[in-house]
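Notes to accompany the following structure.
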Amino acid sequence: LHGQLEDAGVEVGYIQDYFPTSVKKDSVDTWREIFGIGTEERNILETKKIYKDLLQQNGSVRCVWTNQPINVYDIDHLIPFSVWKNNDLWNLLPSTPTINNQKRDKIPTPELIENQKDIILNYWQLLNDNIGNRFQNEIKVALLGDNDINQWKDKGILQLQESCDFLINKRGFEPWKI
């Protein structure tokens, strides 16, 4: 499990400091559930419904990578599911099917995330507004760590960039930029 956590980009020392003793003593299955390790299915249904509702309200959804209005869209795993089996809300954003297919299992570069920061944060805010508790719990565990939840925007984007940089430069995953 230790190796799987590191492969998922999780700093194991941080876990030992952050989580209460009762959680540390829980089963391996609990850790797998918390970090999505061993999750075998992509689960995007709830997120897809949020964006469907947004489409009905506003007439369009925008691609997270191109910012173009789209009527037909895929739900993209920012950090690909094949790399980190993670279905957290913050990791699931709409993209055009063509762009999603081009990105596939590539990791967005920190520069691309910076360029698309406003639209990513817009979607994160939408998720926070609609499913606040779940969104905040997931982003806290995966990206914020011991940072204040009220700093989720700045710290979340920064950690997403650092995680992608780590996956590209330390783990050797292929970078992706438009």
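The values are calculated or read from the model by the stated rules, or taken from the named source; none is laboratory data. All of these numbers come straight from a predicted model, not from anything done at the bench. Every residue, glycine among them, receives a Cβ derived from its backbone with ideal geometry; neighbour counts consider all protein chains shown. Accessible surface areas use protein heavy atoms only, side chains included; no ligands, DNA or RNA. Shrake-Rupley method; radii C 1.70, N 1.55, O 1.52, S 1.80 Å.
Taking only the alpha-carbon atoms of segment 50-90, what semi-axes of the equivalent ellipsoid follow from 5 times the gyration tensor eigenvalues under a square root, in whole Å, largest first? Don't skip to the answer; put the middle values down first.
Numbers: eigenvalues 100, 27, 10 Å².
Ellipsoid half-lengths, sorted descending, are 22, 12, 7 Å.
How much length is gained if the chain between Q56 and Q151 is pulled fully straight, taking 0.36 nm per residue apart and subtracting their Cα-Cα distance, in nm to one decimal?
Gain on stretching Q56 to Q151: 31.2 nm.
What are the trypsin sites (Lys or Arg not before Pro) within segment 77-178 that DSSP puts in a loop, where the Cβ has at most 10 other Cβ atoms within 10 Å?
Details: sites: K85, K103, R104, K106, K117, R134, K140, K153, K155, K170, R171, K177; in loops: K85, R104, K106, K170, R171, K177.
Hits after loop and neighbour filter: K170.
Would you kindly find the accessible area of D148, with a 1.4 Å probe and non-protein molecules such as ligands, DNA and RNA excluded, rounding to the nearest 10 Å²?
80 Å²
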